[in-house]
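Read the structure below first, then the notes.
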Amino acid sequence: MLLSQPGQIGPLKLRNRVVMAPMGTNYSTTDGLSTERDRMYYAERARGGVGMIMTEAMVVTEFARPHHNSLCVYHDRFIPGLASIVEAIKSHGALVCAQLNHRGGLLRRHVLNMEPVGPSPWKNPNTGDEVRPLDVPEIIEIQKQFVAASRRLYYAGYDGVEIHAGNGYLFQQFFTPRLNHRTDQYGGSFENRARFLFETLDRVKQALPNFPLIVRLSATEFTDEGYSEADIVELSKCLEKQGVVALDLSGGSNESPQLSKYCIQPPSFARGCLGPYAKPIKQAVNIPVLVAGRVVDPADGEKLIADGCADFISVGRALYADPHWCAKAFGEVKAPIRKCIACNVCFERLTLEKDVACVHNPVIGTEFEALEHAEPQLFPARKTTTPRRVLVIGAGVSGLEAARAAAARGHHVEVWEKAAQPGGQMPLAMAAPDKMEVEPILGYRLNMLRELGVTIRTSTTASVAAIRDYAPDFAIVATGVRPRAHPFDVSKLSGAVRVLHAWDVLRTPALLVHAKCVTIIGGGMVGAETADLLSVQRKQCTIVEMLGTIAAGMARNNRMELVERLAARGTQMLMRVKVERAEGTTLTLRADDGSLRDIDVGDALIFATGPAPVRDVVPLLEEAGVDFELAGDCYRPGDFLSCLRDGWLAALSVDHRFRDSNRRMGETHHNAR
């Protein structure tokens, strides 16, 4: 296996070809100090087998902080905490580099009142903030700040430093002719646009000649106005001559959702999508090249190396989803990988100034993602000493996750499902274009339950008698949701208009095989994905949405790409409107300003107006005298993250629920002796 082979980056000898990409967490304090959560998070990924970890981007000045809770290195007070992280990583055999960054024009005033600065006057497309051009003394001061920060990393025990010159941040802003319109020594020609980066690297090399330097670049900006392939190849060759030991390649720019999707790709992007853009750079240099971009499965990384696109693979979101990705890939841990589904909830949470989370690994950044907790079936000593009979009612993702976690802990688990197949709403989640990428949410759990020997009884309806007959010690109710009733009267609609719920359409698109035009009430994720599915079939879709955003619950990179697709296919998206009445083949809509307009319904009216919890089994459990907990959508309609977290942690709570009885049992045994 190519990924498992040792490799070398300058003087650094890595145990394999997998490098953990620098990804934010927001786990630090609001003062930028590292925490035990940081240490635990990085240590588990080192333990999981990566060859080297790039810790998240750290800022070199207090005036360039990207998040309220991001790690910092602009003062010596940060050295002890960073040294603690380094120690934790190295104790598991991984090397560790740190990424240094300055976001320049992508700094946000609404986050700690940071002032956006850059090469030239500009406006941040994400925020509308004006960008102030840096003068030459400020440029030199920033260069010195990179040197001081690098020295602190050296003192903290890091093995090297990566300078971030890609993804639309300050050094890329200077290098791209799109944004750099200067007429001094830092603008104009190739050499001048690259001068800021070159001078910074020279200063770091002079101060720390034996400290390995890596540079991250965007292999392409994915815009016609950006720098050319010839420019980025020439820049890479110049960096090699400067003594940079490796290049770390990403793509795009985080300046806007339209370009950010090339940095943090949605599921529609091909696996290893940056490989073709990295290959010309790899062929032009003689130093190692790292490549990121939709490396989900080990086979994706293998292909990038085999195709001559990379020497090392930069794995990012996949290590959010499973810190033990490498150990599982190399056969050192006998359990399936929890694969990233590219939902980009992780990135969205960081953008919203929340701590990072992962829908497939809902306990990320806590003690519960340690291998002993994540895969307790591998550790006999970690299993419960007092196994209980646990009944899980509902075989959607929350119920399956609860069953997995409880059975792995050694409890006797059975799952009852009313439908003929397990999975709950998963078939709906996978129905829209490019959504098969979410299948691992279901597949991983079904595979694990088979390995654990858990019985899933489908086409099974719970009753008081059946519950008493099974005699569970505890039940986890994960019965999901059902569609809400129509929010307005449809009785006056023409009989020629079919009235359906979006779930019906996603489950059975053939219901509308003859339809040409449809109207969808509700433009959340379900409504938007229904329109995506139908517009691919060349049906004219109109979405009617009360809010000002389509697919508001979706991560913005995914949402923007979806909205662009819908618009390109002619989908009408009517926002900030409510349905006043429905008569014949017409809907009357009222806008926020009170104005009315009529639209033709078309051949079908499809409702995507949200779900209501299903709790029909609760009275049955109460009558049977069985203690229970609600998990997932039946507790509160949510998303994969909330459903999986509910299921996992509800299962882990079983032991604690019986703590008093366990203690009494122990006392009885002690007295008997």
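The values are calculated or read from the model by the stated rules, or taken from the named source; none is laboratory data. Not measured: the values here are computed from a predicted model. Methodologically, a virtual Cβ is constructed for each residue, glycine included, from the backbone with ideal geometry; neighbour enumeration extends over all protein chains shown. Please note that ligands, DNA and RNA were not included when accessible areas were found on the heavy atoms of the full protein model with its side chains. Shrake-Rupley method; radii C 1.70, N 1.55, O 1.52, S 1.80 Å.
Odds and ends about this structure:
- For segment 9-44 versus segment 606-629, the gap between their alpha-carbon centres in whole angstrom: 42 Å
- In the context of the full protein assembly, K90 retains an accessible surface of approximately 80 Å², using a probe radius of 1.4 Å and ignoring ligands and nucleic acids.
- Taken per residue, the accessible surface of the chain reaches 39 Å², heavy atoms only and a 1.4 Å probe.
- Take every Cα pair under 8 Å whose residues are at least 6 apart in sequence, average their separation, divide by the length of the chain, and the relative contact order is 11 percent.
- Largest first, the residues M1, M58 sort by 1.4 Å accessible area into M1, M58.
- For segment 490-592, a/c is not less than 1.5, where a ≥ b ≥ c are the root eigenvalues of the C-alpha gyration tensor, and a/b does not top b/c. That puts it in the oblate class.
- CD proxy at 222 nm, helix term only [per DSSP H run n ≥ 4: -39500 (n - 2.57); per residue of the chain; nearest 500]: -10000 deg cm²/dmol
- In degrees, nearest ten, helix 229-241 long axis to first principal axis of the chain (Cα): 60 degrees
- Percent carbon-and-sulfur accessible area, the chain, ignoring ligands, DNA and RNA, probe 1.4 Å: 50 percent
- Cα centre as origin, Lys/Arg/Asp/Glu Cβ charges: segment 111-231 dipole, Debye: 380 debye
- Per the Debye calculation on segment 107-230 with a single equal scatterer at every Cα and no solvent contribution, log₁₀ I(q)/I(0) for q = 0.11, 0.18, 0.23 Å⁻¹ amounts to -0.40, -1.04, -1.39.
- Protein-only accessible surface order, largest first, of K435, K241, K539 at 1.4 Å: K241, K435, K539
- The relative contact order of segment 45-176 comes to 30 percent, based on Cα pairs under 8 Å that sit 6 or more residues apart.
- P(r) tail fraction, the chain - alpha-carbon pairs more than 39 Å apart, %: 40 percent
- Relative contact order (percent, whole number), segment 183-324, Cα cutoff 8 Å, 6+ residue spacing: 19 percent
- A Cβ-based charge dipole, computed about the Cα centre of segment 247-313 with Lys and Arg at +1 and Asp and Glu at -1, lands at about 160 debye.
- Charge dipole (the chain, unit charges on Cβ, about Cα centre) - positive-most of C309, A531, L493: C309
- Direction-averaged projected area, Cα convex hull, segment 268-373: 7.8 nm², rounded to one decimal.
- Among 477-487, 206-216, 525-535, the order from most to least packed when residues are scored by Cβ within 10 Å on average: 525-535, 477-487, 206-216
- About the centre of its Cα atoms, segment 144-210 shows a dipole size close to 160 debye [charges on the beta carbon of Lys, Arg (+1) and Asp, Glu (-1) only; nearest 20 debye].
- Added length on full extension, which subtracts the Cα-Cα distance from 0.36 nm per residue, I140 to H75: 21.6 nm
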